[in-house]
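Read through the structure below, which is laid out as structure tokens, and then see the notes.
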Amino acid sequence: MPLHKGPDPSAERPMSVNPFYGEANPVGGMTEAPPKHRLPETPLPPTTAVQLVHDELMLDGNSRLNLATFVTTWMEPEAGVLMAECRDKNMIDKDEYPRTAELEKRCVAMLADLWNAPDPSAAVGCSTTGSSEACMLAGMALKRRWTQRNKDRYPAARPNLVMGINVQVCWEKFCNFWEVEARQVPMEGDRFHLDPQAAAELCDENTIGVVGILGSTFDGSYEPIADLCAALDALQERTGLDIPVHVDGASGAMVAPFLDPDLIWDFRLPRVASINTSGHKYGLVYPGVGWALWRDKEALPEELVFRVNYLGGDMPTFALNFSRPGAQVVAQYYTFLRLGREGYRAVQQSTRDVARSLADRIEALGDFKLLTRGDELPVFAFTTGPDVTAYDVFDVSRRLRERGWLVPAYTFPANREDLSVLRIVCRNGFSADLAELFLEDLSLLLPQLRNQPYPLTRDKQAETGFHH
């Protein structure tokens, strides 16, 4: 979560309340409006409180028109009913809520089977609050396995983790929080993600693992996990270094099994020790739920698993969070049960079809150059063509926001800071009809943008909207 500072005293003013929101007496309770940055002295009627909150939230963007986020913004009403029934259940209390715990166990088993674990019954895993926590847990397991193998050198030797510079920020957080050196493979030319050989060259005896991304947030492309494992196999043959791979499949791990079944990226590769995904992205569940799975018990050191009994029974737990609602896990099981393999295949194919079609039609406008086409993740990135000088991607993002569309514009990292792009994430619920409306709005804006004397967005950093 972002950090927040205290309120600016100059921004403090009383909140206004419409008299009709009050009690039967239209001026009852109106002598003092409730404060915004401290607790009110007295209670408010529930109708008043809910209307105050509701009115302020109207200023949020429409989540269905948010083409920046990967997070699920639509589920069936039946899923909402189940989530409401389970929001008061503490997920960690497995003794009191054994059926919720059983559904979590079944989800882990389903994912182990989906990701081709050699023995799904031997795979271990857990739900998390999202992929960020799942990545932290996977990184902790990699580091602990490395320290076990290097007890004679640690802590004098500093461990490192190899990854592409395109990784989600949670990996940089992990390295910072757990004192691991982040070794990042930069972008080069038209390669916008990790290069397997370059990654292998960054490895040494202090490398705890290599992270491969199945679906880069920057452009929606898959990293070549099989090639990465092959490069590390060759490294082991030359040097004896046995470097495990973690696959960050935040999005792609719930797309590739259904749309790219012949792509080898998962536990079929012996070097892949663990995989994570976001149930609340292409797992099609409201936030927040993620999943972390390890190939077998050897991949997850037992010393990282805590056992508590003060909630009743013996309860093993491996998580950064403790108490959290069971609603999202129940919703994930409902979605697995509701869709099955064929249902997931149909949903993901639909989003990919929308992404590819929209990408082609944006390219046909003539002003833009595609970097990716939505043929891996249903996500594509594009920039302005070389002949476009009157406006830039930040102007496009700003003008689309005026129409209600949230499309992020951002610059790429080293060594492609010169490249600024727009990115569109197509999710379930962003239909072909909505894509048509989006294209109409973009087409209507282009003549105005072309008539600008020059790009008008001055503060690029303030305008940047890069969201995962």
Quiz item: Points 7 angstrom from Cα along the Cβ direction at ARG341 and TRP178: gap in nanometres?
Solution: 3.3
Quiz item: For the chain, what's the relative contact order in percent, using C-alpha pairs closer than 8 Å and at least 6 residues apart?
Solution: 19
Exercise. With both partners inside the chain, how many of the DSSP beta bridges are antiparallel, as a percent to the nearest 5?
Key: 60
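Treating only the Cβ atoms of Lys and Arg (+1) and Asp and Glu (-1) as charged, compute the dipole magnitude of the range 214-276 about its Cα centre; round to the nearest 20 debye. Don't skip to the end; give the middle numbers.
Values: 3 positive and 10 negative charges, 30 e Å.
Dipole size: approximately 140 debye.
Considering only Cα-Cα distances, which of the following residue pairs are longer than 30 Å: LYS105/LYS173; LYS36/LYS281; LYS151/LYS173? Intermediate results must be reported in sequence, preceding the final value.
Working: LYS105/LYS173 28 Å; LYS36/LYS281 33 Å; LYS151/LYS173 25 Å.
Over 30 Å Cα-Cα: LYS36/LYS281.
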Practice problem: Provide the gained length on full extension for the span ASP353 to GLU78, in nm with one decimal, where the gain is 0.36 nm per separating residue minus the Cα-Cα distance. | Solution: 96.4 nm
Practice problem: Taking the dipole about the Cα centre of the range 140-228, with the C-beta of Lys and Arg at +1 and of Asp and Glu at -1, give me whichever of THR207, TRP146, PHE174 is farthest to the positive side. | Solution: TRP146
Quiz item: Say the dipole of the range 371-430 comes from +1 at the beta carbon of Lys and Arg and -1 at that of Asp and Glu; which of THR411, TYR391, ASN428 then lies farthest toward its positive end?
Solution: ASN428
Exercise. Would you kindly state how much longer the chain becomes between ASP152 and GLU302 on full extension, computed as 0.36 nm times their sequence separation minus their alpha carbon distance, in nm to one decimal?
Key: 52.0 nm
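Can you classify the chain as rounded, prolate or oblate using the Cα gyration tensor, where a ≥ b ≥ c are the square roots of its eigenvalues, rounded means a/c under 1.5, and otherwise it's prolate if a/b beats b/c and oblate if not? Write down the numbers at each step before the final one.
Numbers: a/c = 1.67, a/b = 1.16, b/c = 1.44.
Oblate is the answer for the chain, as a/c is 1.5 or above yet b/c matches or exceeds a/b.
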Quiz item: Within the chain, what's the longest stretch lacking GluC sites (Glu not before Pro) that sit in DSSP loops with no more than 15 other Cβ atoms inside 10 Å?
Solution: 206-416
Self-check item: Relative contact order of the range 279-396, pairs being alpha-carbon contacts under 8 Å that are 6 or more residues apart, as %
Solution: 15
Self-check item: Within the range 215-326, percent of DSSP bridges classed antiparallel, to nearest 5
Solution: 65
Quiz item: What is the distance, in nm, between label points placed 7 Å from the Cα along the Cα-to-Cβ direction at LEU444 and at HIS37?
Solution: 4.0
Quiz item: Tell me, what is the per residue accessible area of the range 102-144 in Å², probe radius 1.4 Å?
Solution: 33
Self-check item: Expected-Rg normalisation [2.2 N^0.38 Å, Cα atoms] applied to the range 339-408
Solution: 1.32
Exercise. Before rounding to the nearest 500, sum -39500 (n - 2.57) across all DSSP H runs of length at least 4 in the chain and divide by the residue total; then give [θ] at 222 nm in deg cm²/dmol.
Key: -11000 deg cm²/dmol
Quiz prompt | Cβ-derived FRET efficiency at R0 22 Å, LEU365 paired with ARG64, nearest 0.05 | solution = 0.40
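Once you sort the root eigenvalues of the Cα gyration tensor of the range 48-114 as a ≥ b ≥ c, which label holds: rounded (a/c under 1.5), prolate (a/b larger than b/c) or oblate (the other case)?
On the way: a/c = 3.17, a/b = 1.57, b/c = 2.02.
Oblate, since a/c reaches 1.5 and b/c is not below a/b.
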Self-check item: Residue-span extension gain [VAL169 to SER121] - 0.36 nm each, minus C-alpha spacing
Solution: 14.1 nm
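With +1 on each Lys and Arg Cβ and -1 on each Asp and Glu Cβ, how big is the dipole of the chain about its Cα centre, in debye rounded to the nearest 20?
Details: 47 positive and 64 negative charges, 86 e Å.
Using Cβ point charges on Lys, Arg, Asp and Glu, the chain gives about 420 debye.
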Quiz item: How long is the range 112-257 along each principal axis, judged by its Cα atoms, biggest number first, in Å?
Solution: 42, 42, 31
Practice problem: Give the carbon-plus-sulfur fraction of the accessible surface of the chain in %, rounded to a whole number; probe 1.4 Å, heavy atoms of protein chains only. | Solution: 53
Quiz item: Measuring from a point 7 Å past the Cα of ASN18 along Cα-to-C-beta, which residues in the range 37-67 have an amide N at less than 11 Å?
Solution: 51-52, 55
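Just tell me the longest site-free run in the chain, where the sites are trypsin sites (Lys or Arg not before Pro) in a DSSP loop having at most 16 other beta-carbon atoms within 10 Å. Mind dumping the intermediate values first?
Details: sites that count: LYS5, LYS36, ARG38, ARG87, LYS151, ARG153, ARG268, ARG403, ARG458.
Value returned for the longest uninterrupted segment is 269-402.
What is the range 32-187 by shape, rounded, prolate or oblate, if you read a ≥ b ≥ c off the alpha carbon gyration tensor as root eigenvalues and call it rounded for a/c under 1.5, prolate for a/b larger than b/c, and oblate otherwise? Walk me through the intermediate numbers first.
Working: a/c = 2.09, a/b = 1.57, b/c = 1.33.
The shape class here is prolate.
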Quiz item: Per residue, how many Å² of accessible area does the range 299-400 show with a 1.4 Å probe?
Solution: 44
Quiz item: What's the center-to-center distance, using Cα atoms, between the range 318-378 and the range 75-101 in Å?
Solution: 24
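The values are calculated or read from the model by the stated rules, or taken from the named source; none is laboratory data. Quick caveat: nothing in here was measured; it's all calculated off a predicted structure. No Cβ is skipped: glycine too gets one built from the backbone with ideal geometry, and neighbour counts run over all protein chains shown. What goes into the accessible areas is simple: the full protein's heavy atoms, side chains included, and nothing from ligands, DNA or RNA. Shrake-Rupley method; radii C 1.70, N 1.55, O 1.52, S 1.80 Å.
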